[in-house]
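As structure tokens, the structure follows; a few thoughts come after it.
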Amino acid sequence: MKRKIININEEKCDGCGACVPECYEGALQVIDGKVRLISDLFCDGLGACLGYCPQGALTIEEREAEPYNETKVMEYIVSGGRNVIKAHLEHLRDHNETGYFNEAVNYLNERGIEIPPLKEAASKSHSHCPGSQEVSFEDNEEREEAGIRQSHLTHWPVQMHLISPMASHYRGSHLLLAADCCAFSYGDFHKDFLKGKSLAIACPKLDSNKQVYLEKLTAMARDAGLKSITVLIMQVPCCGGLFQMTQQALADSGKDIPLEVIVLGVNGEILKSLRVN
């Protein structure tokens with residue numbers, strides 16, 4: 001069958017293994033200095049590991065592959081003990097994989113294996129930085145009514161090197177891709193640009209390894225079901241690279257997603273707003 005499954009670019013992979021603990025099916029292992037997909041049967045194609053490769057070696061592709069097999073996965077992970085089972089069940093639940101979740105629970109029940117208590121909400125910590133733990137939260141309209149300026153940020157992290165393109169807060173969202181300086185230049189950034197959108201930020205001049213950004217944006221456009229993309233940049237020439245990168249990602253993804261670019265002046269005014277498609 002043809003389905004979505006992880007692809008590992010061996011030229012980019014340096015074998016660091018940062019992605020391995022983020023695969024809750026045990027599909028990834030470091031073998032001979034490179035991360036390998038040990039079996040198609042173990043990869044559910046959700047891409048939970050994508051944001052944890054510092055080299056951008058992981059992408060999702062669609063190809064002929066054996067169907068994902070939850071029973072085979074459970075046979076493998078139960079040997080890892082209680083914590084491994086817990087992480088896998090939370091992974092299935094947090095990605096709304098109800099069918100696989102129920103199959104896993106039935107597998108455990110049939111064999112008399114105790115189901116560990118699960119966390120109330122999804123919680124994935126980055127391998128190298130606790131500050132990049134994925135968190136979702138809602139607007140608090142009561143604060144605005146009380147006269148306190150309201151934040152419209154709905155999730156964390158937001159920096160492109162730290163985000164996972166398949167995180168739940170990006171799925172089916174309107175994406176705001178903003179250059180780092182924009183929020184400091186424009187006083188009502190939250191109210192006028194961020195409200196109702198998911199956020200990712202980047203600096204097209206100073207950030208390193210921007211190829212990773214292109215690959216993450218492509219994965220978002222192709223697999224996350226984005227409803228629209230707004231690119232917010234400054235008038236300085238280097239900022240144009242963020243818009244060009246987004247156009248390339250859309251072209252690579254093959255998706256027709258509404259795209260708008262907004263250019264801010266260094267003193268905070270809107271210089272240009274253009275809908276591209």
Exercise. Inside segment 186-277, counting only strands (runs of 3 or more DSSP E) that do not spill past its ends, which hold 2 or more residues that are more than 23 Å from the chain's Cα centre (by Cα)?
Worked result: 259-264, 270-275
Exercise. Which of the residues belonging to segment 148-171 are of a type outside the set (Phe, Trp, Tyr) and open to solvent by 20 Å² or more (accessible area, probe 1.4 Å)?
Worked result: Ile148, Arg149, Ser151, Leu153, Thr154, Gln159, His161, Leu162, Ser168, His169, Arg171
Seminar exercise, completed: Scanning segment 217-244 for residues that are open to solvent by less than 10 Å² (accessible area, probe 1.4 Å) and basic (Lys, Arg) gives none
Seminar exercise, completed: When (1) farther than 23 Å from His169 by Cα; (2) open to solvent by 50 Å² or more (accessible area, probe 1.4 Å); (3) of a type outside the set (S, T, N, Q) are applied to Pro258, the one that fails is (1)
For this session: Taking the options Gly56, Gly47, name whichever one is over 26 Å from Lys119 (Cβ atoms), touching a helix residue (DSSP H, G or I) at 6+ places or on another chain (Cβ under 7 Å) and crowded, with 16+ Cβ neighbours inside 10 Å.
Result: Gly56
Problem set entry | Hits in segment 93-130 - residues which are surrounded by 11 or more Cβ atoms within 10 Å (Cβ to Cβ), outside any loop (DSSP other than H, G, I, E, B) and at pLDDT below 85 | Arg93, Asp94
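For Pro165, state whether it is closer than 30 Å to Glu90 by Cβ, modelled with pLDDT under 90 and not basic (Lys, Arg). Let's see the steps before the verdict.
Values: closer than 30 Å to Glu90 by Cβ: yes; modelled with pLDDT under 90: yes; not basic (Lys, Arg): yes.
Spelling it out, Pro165 is indeed closer than 30 Å to Glu90 by Cβ, modelled with pLDDT under 90 and not basic (Lys, Arg).
Please tell me if Gly15 is more than 20 Å from Arg171 (Cβ to Cβ) and modelled with pLDDT under 85. Quick ask: steps written out before the conclusion?
Values: more than 20 Å from Arg171 (Cβ to Cβ): yes; modelled with pLDDT under 85: no.
No: the conditions fail for Gly15.
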Problem set entry | Checklist (1) in a loop (DSSP other than H, G, I, E, B); (2) modelled with pLDDT of 90 or more; (3) under 26 Å from Glu103 (Cβ atoms) applied to Ala48, failing item | (2)
For this session: Restrict the check to segment 25-40 and report whether at least one residue is in contact with a Leu (Cβ under 7 Å, 6 or more places away or on another chain), assigned to a helix (DSSP H, G or I) and among the β-branched types (Val, Ile, Thr).
Result: no
Exercise. When only residues in segment 1-24 that are under 22 Å from Ala104 (Cα atoms) and in a loop (DSSP other than H, G, I, E, B) count, which is farthest from the chain's Cα centre (by Cα)?
Worked result: Tyr24
Seminar exercise, completed: Scanning segment 91-118 for residues that are at positive phi and polar (S, T, N, Q) gives Asn96
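Output yes when any residue across segment 172-184 is open to solvent by less than 20 Å² (accessible area, probe 1.4 Å), part of a loop (DSSP other than H, G, I, E, B) and either under 18 Å from Ile229 (Cβ atoms) or out of contact with any helix residue (DSSP H, G or I) (no Cβ under 8 Å at 6 or more places or on another chain) (or both), and no when none is. Talk me through it step by step, then tell me what you get.
Here is the first cut: in segment 172-184, the ones open to solvent by less than 20 Å² (accessible area, probe 1.4 Å) are 173, 175-179, 182.
Retained after the next criterion (residues that are part of a loop (DSSP other than H, G, I, E, B)): 173.
Now restrict to residues that are either under 18 Å from Ile229 (Cβ atoms) or out of contact with any helix residue (DSSP H, G or I) (no Cβ under 8 Å at 6 or more places or on another chain) (or both): 173.
Checked against the condition, which is being open to solvent by less than 20 Å² (accessible area, probe 1.4 Å), part of a loop (DSSP other than H, G, I, E, B) and either under 18 Å from Ile229 (Cβ atoms) or out of contact with any helix residue (DSSP H, G or I) (no Cβ under 8 Å at 6 or more places or on another chain) (or both), segment 172-184 yields at least one hit.
The values are calculated or read from the model by the stated rules, or taken from the named source; none is laboratory data. Because the structure is predicted, anything quoted here is derived from the model rather than measured. Note: ideal-geometry Cβ built from the backbone for every residue, glycine included; neighbour counts use all protein chains shown. SASA here: full protein model, heavy atoms, side chains in, ligands and nucleic acids out. Shrake-Rupley method; radii C 1.70, N 1.55, O 1.52, S 1.80 Å.
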